[in-house]
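One structure is given below, encoded as structure tokens.
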Amino acid sequence: MTQVDVLLGLQWGDEGKGKIVDVLSPQYDLIARFQGGPNAGHTLEFDGKKFVLNTIPSGIFNEKTMNLIGNGVVIDPIILKRELDNLQKAGHDPVAKGKLVIARKAHLILPTHQLLDAANEQKMGKDKIGSTLKGIGPTYMDKTGRNGLRVGDTTLPDFKERYNKLVEKHKEILSHYDFEYDLTEKEAAFFEAIDFIKNIPHVDSEHFVNGYLKEGKTVLAEGAQGTLLDVDFGSYPFVTSSNTTTAGACTGLGIAPNKVGSVYGIFKAYCTRVGGGPFPTELDDEVGETLRQVGHEFGATTGRARRCGWIDLPALKYAIMLNGVTELIMMKADVLDGFDTIYACTHYEHNGETIDYMPYDIITVKPTPVLKAIDGWKTDVTKVSKIEEIPAKLSEYIAFLEKELEVPVKYLSVGPDRVQTLILN
Ligand code: GDP
Ligand code: IMO
Ligand code: MG
């Protein structure tokens with residue numbers, strides 16, 4: 001029997017998961033998203049074209065790969081319909097080709113979930129999470145609060161009544177906020193989209209994925225967000241509302257832990273974060289601005305400027321431990337091409353001590369990063385296509401990371417395009 005490989009972000013999201021899942025997808029029979037929702041923006045580039053996927057797995061452009069939106073995902077039907085409409089316009093129609101299925105146990109994001117997200121963020125003012133305003137938190141709250149609506153419910157004769165009942169609850173909560181809204185247009189779009197997603201086959205993801213494994217087929221679970229946004233282990237409360245770690249792949253698809261195979265941990269050669277919350281290595285200066293401009297660090301979903309800083313090894317070690325990472329994937333090395341010197345945070349100074357882990361009180365007491373200077377490679381690597389062409393100083397940087405992190409770097413990405421990817425070992 002085969003196992004499920006997992007690919008997930010080790011930082012605060014936007015590591016380049018979409019690009020690499022697309023690159024790896026020819027090796028897999030099934031790509032399965034297991035958590036998160038349209039807070040994700042996964043960018044893929046090939047043949048001079050660029051696509052951003054929010055809900056649909058990034059295996060969609062590979063002709064022979066099946067794609068599953070798992071039970072752990074929260075789905076905004078309006079956004080999913082828009083994604084599919086855009087794909088269809090570009091000549092890709094995964095539904096018509098029978099390449100997309102959706103878990104009937106996945107929860108639905110209602111227009112009022114979005115309103116609740118916005119009302120809550122507005123009320124928190126300067127202490128806000130900086131959420132993507134897609135309704136993620138309120139939808140997962142209804143899931144764990146046992147109020148939610150699921151994809152499978154859309155086919156029940158009393159779906160509209162169930163919807164109205166939940167919306168009444170939401171309106172009651174909204175009445176306690178100083179928040180104005182008009183639901184009419186959104187509600188019409190929601191029901192139109194609900195009709196549309198009935199055309200996508202509904203499956204039980206637990207049986208679907210385990211069926212693939214039984215037949216000896218290969219499966220890759222695609223994460224969204226990043227480990228440091230995990231609801232249990234991230235920089236709480238500045239996190240998302242799902243388990244972004246390997247454990248989330250088990251609950252978000254219905255696979256047992258002993259069915260997990262390779263775990264690909266993906267990270268940028270530096271570090272970014274979008275939204276509020278602690279970021280020990282953040283560069284609030286012109287160096288950070290250079291990383292932002294060179295790396296085009298603006299959100300794929302919200303367009304917000306991403307905060308930028310140096311690579312954070314204590315945070316990466318933590319993420320590797322939590323996920324059981326077996327192989328690393330380093331992204332965006334090219335963004336560091338112009339730097340004479342780059343830096344890696346090896347420890348933190350925190351409450352008068354030198355530590356090598358992320359402390360519990362990271363929210364209230366900002367750790368000071370201890371930085372190691374590393375020579376830059378000062379070479380354009382965007383056209384590097386063979387291991388022998390990698391500049392020596394970049395190889396040294398990779399070797400340093402492998403020694404510190406005790407996991408091999410298997411892939412190196414040197415640009416946004418599919419072809420700008422090297423296999424290292
Ligand atoms: P995801 O959410 O993890 O899929 O990542 P995003 O798509 O949100 O952000 C990654 C961004 O970096 C996208 O704009 C990608 O096109 C781009 N990208 C991916 N890999 C590389 C790379 O190696 N170099 C450069 N310069 N850009 C990259
Ligand atoms: P991908 O999959 C980066 C961040 C938001 C905010 C926090 C909570 O593209 O890597 P939410 O809307 O989830 O309630 O917001 O999480 N966030 C992301 N940051 N990449 C993402 O996804 C993110 N999804 C959520 O900015 O700080
Ligand atoms: Mg993204």
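The values are calculated or read from the model by the stated rules, or taken from the named source; none is laboratory data. Here the structure is a predicted model, which is why all the values come from computation and not from measurement. Every residue, glycine as well, gets a Cβ built from its backbone with ideal geometry; the counts of neighbours run over all protein chains shown. We work out accessible area using only protein heavy atoms, side chains counted, and drop any ligands, DNA or RNA first. Shrake-Rupley method; radii C 1.70, N 1.55, O 1.52, S 1.80 Å.
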Unique match (being out of contact with any Phe, Trp or Tyr (no Cβ under 6 Å at 6 or more places or on another chain), away from ligand 1 (no atom under 16 Å from the Cβ) and open to solvent by 10 Å² or more (accessible area, probe 1.4 Å)) among 54, 71, 86:
71
Quick check on region 11-30: of everything there that is within 14 Å of ligand 3 (Cβ to nearest atom) and assigned to a loop (DSSP other than H, G, I, E, B), which residue is nearest to residue 268 (Cα to Cα)?
15
Within 9 Å of ligand 1 (Cβ to nearest atom), closer than 24 Å to residue 231 by Cα, open to solvent by 20 Å² or more (accessible area, probe 1.4 Å) and among the hydroxyl-bearing types (Ser, Thr, Tyr), is that true of residue 301?
yes
Test set (1) within 24 Å of the chain's Cα centre (by Cα); (2) part of a helix (DSSP H, G or I) - residue 164 fails condition number:
(1)
Of the residues that sit in region 377-425 and are over 22 Å from the mean Cα position of the chain (by Cα), touching a residue at least 24 places away in the same chain (Cβ under 8 Å) and assigned to a helix (DSSP H, G or I), which one is farthest from residue 334 (Cα to Cα)?
404
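Quick test for you: out of 160, 123, 134, pick the one residue that is within 16 Å of ligand 3 (Cβ to nearest atom) and open to solvent by 30 Å² or more (accessible area, probe 1.4 Å).
From the options 160, 123, 134, the qualifying one is 134.
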Within region 366-376, the residues that are open to solvent by 60 Å² or more (accessible area, probe 1.4 Å) and under 28 Å from the mean Cα position of the chain (by Cα) are 366, 368, 371
Filtering region 192-228 down to residues that are free of Cβ contacts under 8 Å to residues at least 60 places away in the same chain and exposed (fewer than 15 other Cβ atoms within 10 Å of the Cβ), which residue is farthest from ligand 2 (Cβ to nearest atom)?
215
Filter pass, residue 358 being open to solvent by less than 70 Å² (accessible area, probe 1.4 Å), closer than 25 Å to residue 233 by Cβ, of a type outside the set (Ser, Thr, Tyr) and more than 14 Å from ligand 1 (Cβ to nearest atom):
yes
Can you give me the number of residues within region 377-395 that are crowded, with 17+ Cβ neighbours inside 10 Å and either farther than 24 Å from residue 281 by Cα or touching a Ser or Thr at 6+ places or on another chain (Cβ under 6 Å) (or both)?
4
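One line per residue, one yes/no per condition, for (1) touching a Gly at 6+ places or on another chain (Cβ under 8 Å); (2) β-branched (Val, Ile, Thr):
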residue	(1), (2)
53	yes, no
60	no, yes
64	no, no
75	yes, yes
Identify the single condition in (1) open to solvent by 10 Å² or more (accessible area, probe 1.4 Å); (2) in contact with a Pro (Cβ under 6 Å, 6 or more places away or on another chain); (3) of a type in the set (A, V, I, L, M); (4) within 24 Å of residue 205 (Cα to Cα) that residue 78 does not satisfy, given that it satisfies every other one.
(2)
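Would you pick out the residues in region 26-48 that are of a type in the set (Val, Ile, Thr) and open to solvent by 10 Å² or more (accessible area, probe 1.4 Å)?
Residue satisfying the conditions is 43 alone.
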Being open to solvent by 70 Å² or more (accessible area, probe 1.4 Å), closer than 30 Å to residue 50 by Cα and not charged (D, E, K, R) narrows it down to one residue among 423, 329, 398; which is it?
423
Note on region 51-80: residues within 13 Å of ligand 3 (Cβ to nearest atom) and without any contact (Cβ under 8 Å) to a residue 60 or more places away in the chain are 51, 53, 55
Given the conditions (1) more than 20 Å from residue 149 (Cβ to Cβ); (2) out of contact with any Phe, Trp or Tyr (no Cβ under 8 Å at 6 or more places or on another chain), and given that residue 59 satisfies all but one, which numbered condition is not satisfied?
(2)
What residue, among those in region 296-311 that are more than 12 Å from ligand 2 (Cβ to nearest atom) and under 10 Å from residue 272 (Cβ atoms), is farthest from the chain's Cα centre (by Cα)?
309
Please go through (1) under 21 Å from residue 167 (Cα atoms); (2) over 20 Å from the mean Cα position of the chain (by Cα); (3) not polar (S, T, N, Q) for residue 63 and return the number of the only condition it doesn't satisfy.
(1)
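With the requirement that a residue be within 13 Å of residue 264 (Cα to Cα) and surrounded by fewer than 18 Cβ atoms within 10 Å (Cβ to Cβ), what does region 408-420 give you?
408, 410
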Of the numbered conditions (1) surrounded by fewer than 21 Cβ atoms within 10 Å (Cβ to Cβ); (2) among the basic types (Lys, Arg); (3) touching a residue at least 40 places away in the same chain (Cβ under 8 Å); (4) within 27 Å of residue 337 (Cα to Cα), residue 268 satisfies every one except a single condition; which is it?
(1)
Being under 21 Å from residue 209 (Cβ atoms) and of a type in the set (Lys, Arg) is the filter here; which residues of region 50-86 pass it?
64
Pick out the one residue from 364, 290, 326 that is farther than 20 Å from residue 233 by Cα and polar (S, T, N, Q).
290
